[in-house]
Amino acid sequence: MFDIGVNLTSTQFAKDRKQVVTRARESGVTGMLITGTNALESQQALSLARQHSGYCWSTAGVHPHHASEWSQETAGTLRRLASQSEVVAIGECGLDFNRNLSDHNQQEYAFEAQLSLAAELQLPVFLHCREAHQRFIAILRPWLDKLPAAVVHCFTGTEQELRECLDAGLSVGITGWVCDERRGVELRALLPLIPASRLLLETDAPYLLPRDMRPRPTSRRNEPCFLPHIVSQVAAWRNEDATELASQVDRNARQLFGLN
């Protein structure tokens, strides 16, 4: 099972990053994609991926929360990072109209700039969309035939939004959000709609700790070593074998990101 979304640069991991990776390996996680969310963290993500070569890879991008930071210098930094073999996707990029930490126009500009860069470099895109589906799809659609692959990370949308993402050819990342008895119930019902070849799983650690873990972890911090729990739960809700699903999502991740 491959974890496609780990925020290993987070200060929440400052004291034990190596142990976090070790625990992931010991729990059966076969690889991890470290998320870049701005220019600095994308550089840090690459550095961490190099420390765990062959097990960790990284993305290079600007999250919509940081879209106001976009500049030509930022674009140059992402281009330089993307030339490194450990960087296998552009992102996390997209739109977030929930928290609106950057102006909508800034978000859309940075999103399109990163789609253009990914198309030019022929790299997959690691996408973020929250409460912005209509604009997200409208901006993304003209680029889809120019991109090698795309995954909408941490999908939490409606059935209609899921169907539109699938119709657009996107792969879909599911997190421990689906394990939340308050917010995840509607998403659980949508899991069988995702074709096996388009499903990816992720922790989004240190965020989104699965709320249905028993016994509950003593810390609220999520870790990649909890991915097996997400795999098990998703398999049950899809009426599939957990071992087979773990192998399937590993294959999907490796194919999408071009990993050996």
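The values are calculated or read from the model by the stated rules, or taken from the named source; none is laboratory data. Values in this document were obtained by computation on a predicted structure and should not be read as measured data. Using ideal geometry, Cβ is built from the backbone for each residue, glycine included, and neighbour counts are taken over all protein chains shown. With ligands, DNA and RNA removed, areas are computed over all heavy atoms of the protein, side chains included. Shrake-Rupley method; radii C 1.70, N 1.55, O 1.52, S 1.80 Å.
With respect to ASP3, determine if the residue is more than 17 Å from the chain's Cα centre (by Cα) and at pLDDT 95 or above.
It is false that ASP3 is more than 17 Å from the chain's Cα centre (by Cα) and at pLDDT 95 or above.
Can you find a residue in the range 224-232 that is among the aromatic types (Phe, Trp, Tyr), over 18 Å from LEU127 (Cα atoms) and over 18 Å from the mean Cα position of the chain (by Cα)?
No, because not a single residue in the range 224-232 is among the aromatic types (Phe, Trp, Tyr), over 18 Å from LEU127 (Cα atoms) and over 18 Å from the mean Cα position of the chain (by Cα).
Any residue at all in the range 169-176 that's open to solvent by 10 Å² or more (accessible area, probe 1.4 Å), modelled with pLDDT of 95 or more and part of a strand (DSSP E or B)?
Yes, the range 169-176 contains at least one residue that is open to solvent by 10 Å² or more (accessible area, probe 1.4 Å), modelled with pLDDT of 95 or more and part of a strand (DSSP E or B).
Out of ALA132, ALA118, ALA82, report the one residue that is in contact (Cβ under 8 Å) with a residue 12 or more places away in the chain, buried (at least 20 other Cβ atoms within 10 Å of the Cβ) and touching an Asp or Glu at 6+ places or on another chain (Cβ under 7 Å).
On inspection, the qualifying residue turns out to be ALA132.
Only one of VAL152, VAL62 is closer than 28 Å to VAL234 by Cα and touching a Gly at 6+ places or on another chain (Cβ under 9 Å); which?
Only one candidate passes the filter, namely VAL152.
Pairs, please: C-beta under 9 Å, at least 6 apart or cross-chain, first residue on the phi < 0 side of the Ramachandran plot and among the basic types (Lys, Arg) and in the range 242-260, second at pLDDT 95 or above and open to solvent by less than 40 Å² (accessible area, probe 1.4 Å)?
ARG251/PHE2; ARG254/PHE2; ARG254/GLY31
Report whether or not ASN100 is open to solvent by 30 Å² or more (accessible area, probe 1.4 Å), among the polar types (S, T, N, Q) and assigned to a helix (DSSP H, G or I).
No; evaluated as a whole, the condition is false for this residue.
Looking at the range 197-211, is at least one residue open to solvent by 40 Å² or more (accessible area, probe 1.4 Å) and of a type in the set (S, T, N, Q)?
Yes, that holds for at least one residue.
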